[in-house]
Amino acid sequence: MLISQILRAKGDAVFTVAPTNTVGRVAELLHSKRIGALVVTEGDRVVGIVSERDIVRAVAGGDGKVTSRPVSAYMTADVVFAEPGETLDSLLSRMTDRRFRHLPVVQAGRLVGIVSIGDLVKWKISEVEAEAHGLKAYIAGS
Ligand code: AMP
């Protein structure tokens, strides 16, 4: 299973914010869009990623003014990406090894989607179920 197949089914929408947007705005967007992370962009350029964990860390270690500070102070600037031609299994390994749950997908330097651990687990379960179904059918037929 390739990431391009998953993106075709789930769509290529990626919610983004500018680095100057406040932490409060990021929290509002995460809540209203029902997502766990936003890609931080400046024009077409990805400059970071901010997840709900970053917001929790900012609030827990903050001084009460955190929500009015720019997200650039709390995002991860060193973004790890995926590519559409990669496999579901390789992304699951990358997420597990690096301990994060979101991977923006880029092609030729352009943002073409994002996948979460939830998306990947859903597709992995479908894949395993289809394999089990095929094996059962094969055994029943032989
Ligand atoms: P998550 O598990 O995705 O909520 O993120 C946990 C931490 O990893 C947060 O500090 C995120 O900013 C960071 N993070 C999430 N996804 C990525 C990614 N693709 N590349 C780099 N850092 C990430």
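The values are calculated or read from the model by the stated rules, or taken from the named source; none is laboratory data. In this text, all values refer to a predicted model and were calculated from it rather than measured experimentally. No Cβ is skipped: glycine too gets one built from the backbone with ideal geometry, and neighbour counts run over all protein chains shown. Calculation scope for accessible area: heavy atoms of the full protein, side chains included, ligands and nucleic acids excluded. Shrake-Rupley method; radii C 1.70, N 1.55, O 1.52, S 1.80 Å.
Go through the range 1-53 and report how many residues are in contact with a Pro (Cβ under 8 Å, 6 or more places away or on another chain) and in a strand (DSSP E or B).
9
Going by the conditions given, is D63 assigned to a loop (DSSP other than H, G, I, E, B), out of contact with any strand residue (DSSP E or B) (no Cβ under 8 Å at 6 or more places or on another chain) and near the ligand (Cβ under 10 Å from one of its atoms)?
Here the answer is no, as D63 does not meet what is asked.
Residue check, D119 against (1) assigned to a helix (DSSP H, G or I); (2) within 16 Å of D12 (Cα to Cα); (3) near the ligand (Cβ under 10 Å from one of its atoms), all met but one. Which one?
(3)
Would you pick out the residues in the range 25-48 that are open to solvent by 20 Å² or more (accessible area, probe 1.4 Å) and either over 19 Å from F100 (Cβ atoms) or within 13 Å of the ligand (Cβ to nearest atom) (or both)?
Hits for the range 25-48 are R25, E28, H31, S32, I35, E42, G43, D44, R45, V46, V47.
So, in the range 71-100, of the ones that are under 16 Å from V56 (Cα atoms) and surrounded by fewer than 17 Cβ atoms within 10 Å (Cβ to Cβ), which residue ends up farthest from the chain's Cα centre (by Cα)?
Only one residue fits best here, namely A73.
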